[in-house]
Amino acid sequence: MKHTLAAITAASAVVAALILPTTPAAAVEVSTLEVGAPVAPAALLAELTVAADATVPYDRDRFAEGIDADGDGCNTRREVLIAESRVPVTISSGCTITAGEWFSWYEGVTQTDPAMLEMDHLVALKEAWISGAHAWTDQQRSDYANDLDIDATLTMVTGAQNSAKSAYDPANWLPSYTPSRCAYAADWITVKYRWNLTVDTAERSALASLVEANCAGVEIVVPPVRDDTASTPAAGGGANALPAGTHRLSGIDRYATAAQVSSRFNPGVASVYVATGANYPDALSAAAAAGAAGVPLLLVQPTAIPTVVWNELLRLQPQRIIIAGGTGVVSSAVQAKLTSIAPVERLAGADRYATSRLIAEHADLTGATAFIADGRNFPDALSAAAVAGSSSGGVVLVPGGASSADTATRNTLTGIGASNVRIAGGTGAVSSGIETSLRSTFGVQRFGGADRYATSTLINGSGFSSASTVFLANGTNFPDALAGGALAGALGSPMFIVQQNCVPKVVRDKILSYGPTTVVLLGGTGSLSTAVANLTECAAPAPAPTPTPTPTPSVPANPGNTKNCSDFATWSQAQNWFDYYYPYYGDVAQLDADNDRIACESLPGAP
């Protein structure tokens with residue numbers, strides 16, 4: 001380990017082994033970077049992708065560090081201690097290292113006490129996370145955290161230096177020992193290249209300056225690349241599938257989450273749909289249209305563009321921007337700012353239904369099947385967006401309680417080439433009258449379950465007979481899922497709605513029937529808990545208690561004319577007797593002389 005740095009001493013800045021002095025024989029132009037080939041650090045730096053740091057909340061627990069990969073009793077830290085010691089180490093039982101000699105090259109000091117040293121991930125785990133590792137599987141993160149295959153990834157330094165460096169990149173921290181700076185830059189570039197990690201603009205500029213100032217006449221060896229961690233293919237549009245495993249696409253709010261979802265699209269997309277994040281209707285139809293076109297959907301505030309969204313638009317470099325909705329939901333000021341990035345087109349109708357129709361009509365849809373969904377609520381249309389987008393169909397919103405489909409809706413469905421119409425939701429969402437009115441022109445199917453989750457399952461089942469990737473979204477809150485519908489549609493994957501803390505049985509059963517290798521959660525743990533990530537099934541609802549039957553009153557035997565008023569001491573006694581038998585036999589004892597239903601009025605206490 002760290003043979004690259006063993007030659008760094010206080011008296012010399014020569015970098016050995018993996019950093020090679022250039023000689024005439026070694027100065028070979030490398031057109032394609034082959035593993036093991038010597039190249040200038042600047043050449044390897046040029047291969048790195050420049051991208052803004054991800055905003056997905058960092059989760060250190062997703063990196064299983066300090067394992068014993070080869071089962072020899074020594075965990076990763078001890079393996080690095082053994083490899084980097086300049087002298088043979090002293091090892092006691094349990095691979096406890098008690099003595100050796102290490103060069104803490106960040107500060108240029110020698111240590112002989114291993115307790116003074118800490119293992120540093122040269123590219124810190126948090127930096128790796130925001131540079132691409134957030135989209136990896138847990139196994140890939142573990143591989144990174146314990147990477148002993150190249151010397152550059154892990155090193156031993158003093159605790160003080162490790163703390164000072166923290167998770168900073170070279171734009172914000174450098175070794176205080178100047179002779180180490182070329183090696184530091186070279187190793188940083190090597191690790192990022194090997195693991196397909198991106199660099200941000202400031203980071204790349206700092207690395208370029210470091211290399212230029214400190215690495216003249218130096219070459220490094222091209223490391224083996226972990227191709228399975230690549231997350232940013234070449235520009236030119238298109239959506240990138242996530243690797244196998246469970247992933248979460250989320251940000252600090254709905255806008256950052258949409259930007260994170262959008263980051264799965266390559267720069268150079270044909271278009272980007274923009275809708276308000278304050279409400280759902282316009283984005284529902286836009287998600288289906290975006291999915292059909294293979295482009296992202298981003299959310300903005302009514303009068304402002306969040307910085308994270310602006311940066312994502314700059315990265316995407318779209319050929320055009322399509323605003324879904326009128327100036328009341330996305331202001332003219334927002335539109336004016338967007339025009340500095342690309343030409344802007346606004347699709348806005350008199351209401352949410354007219355806007356929905358315009359979006360579908362302008363989407364260049366080629367599918368023969370379209371969905372209609374209730375525009376008064378979001379769950380059913382949300383599930384339909386991914387199915388429709390994957391088959392180049394549209395989602396047209398209707399006022400679900402109407403007695404029939406209006407002419408404008410029918411014309412839109414005909415205009416987009418739909419011969420089949422699928423109704424998302426039961427008759428409580430989209431009336432039977434609407435269904436009946438469409439049957440004269442279109443083939444109509446309804447997909448409505450006992451609740452929104454069962455409906456989601458039926459809708460997805462209508463479009464997907466199999467799926468290697470499934471998306472999960474919160475079924476009671478819409479923001480995080482809106483942009484996810486566009487990505488799911490673009491990738492040809494279903495999107496199921498689930499509860500916040502569990503997966504309804506009907507949904508879980510359907511997901512398991514697909515046997516997906518990749519599960520994508522849309523939103524943070526406040527939207528979808530870790531139990532959802534584990535596909536934990538919701539508990540069955542407690543059965544309703546069996547109602548206690550109301551006992552049928554027994555009919556008393558007919559007493560006959562067996563009582564006189566003189567048989568009662570008070571009027572109330574006589575009246576109670578009278579009231580008891582009267583419903584069954586009337587004034588059987590002739591106690592009510594004037595038929596006013598007051599018995600024995602001569603007795604004490606009578607009214």
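Tabulated results
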| item | result |
| --- | --- |
| Looking only at region 528-545, and only at residues there that are modelled with pLDDT of 95 or more and part of a loop (DSSP other than H, G, I, E, B), the one that is surrounded by the fewest Cβ atoms within 10 Å (Cβ to Cβ) | ASN534 |
| Filtered residues of region 477-492 (kept if among the small types (Gly, Ala, Ser) and either assigned to a helix (DSSP H, G or I) or modelled with pLDDT of 95 or more (or both)) | ALA481, ALA483, GLY484, GLY485, ALA486, ALA488, GLY489, ALA490 |
| Single condition ARG264 does not satisfy, out of (1) touching a Leu at 6+ places or on another chain (Cβ under 6 Å); (2) more than 25 Å from VAL387 (Cα to Cα) | (2) |
| Among (1) surrounded by 12 or more Cβ atoms within 10 Å (Cβ to Cβ); (2) on the phi > 0 side of the Ramachandran plot; (3) not assigned by TED's automatic domain parsing to the domain that holds PRO479, the one test that GLY560 misses | (1) |
| Qualifying residues in region 125-145 (those that are touching a His at 6+ places or on another chain (Cβ under 9 Å) and of a type in the set (Ser, Thr, Tyr)) - the one modelled with the lowest pLDDT | THR137 |
| GLY94 vs. criteria out of contact with any Cys (no Cβ under 8 Å at 6 or more places or on another chain), on the phi > 0 side of the Ramachandran plot, free of Cβ contacts under 8 Å to residues at least 60 places away in the same chain and not in a loop (DSSP other than H, G, I, E, B) | yes |
| Selected residue (only one of ALA115, ALA152 is outside any strand (DSSP E or B), without any contact (Cβ under 8 Å) to a residue 24 or more places away in the chain and more than 27 Å from the chain's Cα centre (by Cα)) | ALA115 |
| Count of region 419-443 residues which are over 16 Å from ILE459 (Cβ atoms) and not polar (S, T, N, Q) | 6 |
| Counted residues, region 157-184 - those being under 22 Å from LEU207 (Cα atoms) and not in a helix (DSSP H, G or I) | 13 |
| Strands (runs of 3 or more DSSP E) completely within region 395-452 that count 1 or more residues being of a type in the set (Lys, Arg) and crowded, with 23+ Cβ neighbours inside 10 Å | 420-424 |
| Residue identified as surrounded by 17 or more Cβ atoms within 10 Å (Cβ to Cβ), over 30 Å from GLN317 (Cα atoms) and modelled with pLDDT under 95 among LEU148, LEU45, LEU117, LEU122 | LEU117 |
| Number of positions in region 294-323 that are more than 14 Å from ALA483 (Cα to Cα) and of a type in the set (Gly, Ala, Ser) | 1 |
| Residue in region 570-596 that is nearest to the chain's Cα centre (by Cα), counting only those that are exposed (fewer than 15 other Cβ atoms within 10 Å of the Cβ) and free of Cβ contacts under 8 Å to residues at least 24 places away in the same chain | PRO583 |
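The values are calculated or read from the model by the stated rules, or taken from the named source; none is laboratory data. What you are looking at is a predicted structure, and each value in this text was computed from that prediction instead of being measured. Because the Cβ atoms are built from the backbone with ideal geometry, glycine has one as well, and the counts that use them run over all protein chains shown.
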